[in-house]
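Trainee: Quick one: structure below, then a few questions.
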Amino acid sequence: MKKISLSTILILLSTSFLYSQDKPITHKEQPITTEIEEEYRIESVEDNDIPIVTSKNQYFDIEILKVKQNPLNKEILLKVYITSKIHSPHTQLIWDAPSSVEITPKHSKYTSLSTNQTSQFEAIIKPKKQGTFVLSFTALAWQHDINKSNSVNYKFTVNKSLVVQPPDSRYIFSLTLISLVVILLVSGVIYGVVKGVRFLILKLKKWITPPSL
C-alpha cells in the first residue's frame, strides 16, 4: 500500500511539473510613451561653447542664444535667428517671461519674412532676482486661412549677484578688465592726492617760515 501511494504521488508531481512547463507565461504590456523635446546643440563662438536652443517645424526654424552679459548692469543680450519656410508678410514676434525678468525687444513687434530667408533679432533681458527662469519666444504668421507659428523656450539660471551660471569666458574677461581699470583709476587718484598733499605741505612750510634777516 505504501509503494502504491508513493508511486501515485510521484506520477502526480511529474504531471504537475510538465503542465507548469508547457503553460505559457504572459507579461503585462507597458504602454510606450514618446517624449518630444526641443533640440539642443553646442556651437563654438569665439572659442566659447555657447548653447543654442533650436526649435523646428514646417513653418519656422528658430534659434536663440545668449551673446553676452554686461558686468555692470547685469543685462543679457539674446539673439534670435528665424528661418522661414513659408512666405509670411505679417509675422508677429512675441516674447513671454516671468515677472522677475524684464525683456526689452530690440526689434519691431511685426516683421515680414520670405521663404528660406534667415532673419536676426535681438532682445535685452534683465533678471531681478536669483533663480532659474524660462523665456518663451514665438513667431506667429498671420494668414488668411489659418495662423501658423513656432515657439522656442530658453532656460537660464542666475546667482545672487545676477550672474548667468556658469559664467562664460567673455563675461570673466570683461569683469577682469573693468577691475583693472578701477584699480588703475584708484591708484591714479591716490597718487594725485599724495602729490598734491606734498605740494601743499611745501607751500605751507614756505608760508609759515619767517623771512631771514
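Trainee: Please go through the range 156-166 and give me each residue that is exposed (fewer than 15 other Cβ atoms within 10 Å of the Cβ) and either of a type in the set (D, E, K, R) or in contact with a strand residue (DSSP E or B) (Cβ under 6 Å, 6 or more places away or on another chain) (or both), ordered by number. Show your work before the answer.
Mentor: So in the range 156-166, the residues exposed (fewer than 15 other Cβ atoms within 10 Å of the Cβ) come out as 157, 159-161, 165-166.
Once the filter is applied, which keeps residues that are exposed (fewer than 15 other Cβ atoms within 10 Å of the Cβ) and either of a type in the set (D, E, K, R) or in contact with a strand residue (DSSP E or B) (Cβ under 6 Å, 6 or more places away or on another chain) (or both), the range 156-166 yields T157, K160, Q165.
Trainee: Across the range 94-129, which residue is surrounded by the fewest Cβ atoms within 10 Å (Cβ to Cβ) among those that are assigned to a strand (DSSP E or B) and touching a Pro at 6+ places or on another chain (Cβ under 7 Å)?
Mentor: Just the residues of the range 94-129 that are assigned to a strand (DSSP E or B), to begin with: 94-96, 101-105, 110-113, 117-127.
Imposing the further condition that a residue be touching a Pro at 6+ places or on another chain (Cβ under 7 Å) reduces the set to 95, 101, 112, 123.
Working: W95: 20, V101: 19, S112: 13, A123: 20.
In this case the residue turns out to be S112.
Trainee: Considering only residues that are modelled with pLDDT of 80 or more and in contact with a strand residue (DSSP E or B) (Cβ under 6 Å, 6 or more places away or on another chain), which ones fall in the range 167-203?
Mentor: Result: D168, R170.
Trainee: Conditions first: (1) loosely packed, with under 10 Cβ neighbours inside 10 Å; (2) of a type outside the set (S, T, N, Q); (3) at pLDDT 80 or above. L213 passes all but one, so which condition is the exception?
Mentor: Failing condition for L213: (3).
The values are calculated or read from the model by the stated rules, or taken from the named source; none is laboratory data. Remember, predicted model here, so these are calculated numbers, not experimental data. When we count neighbours, we look across all protein chains shown, and the Cβ atoms used for this are built from the backbone with ideal geometry, even at glycine.
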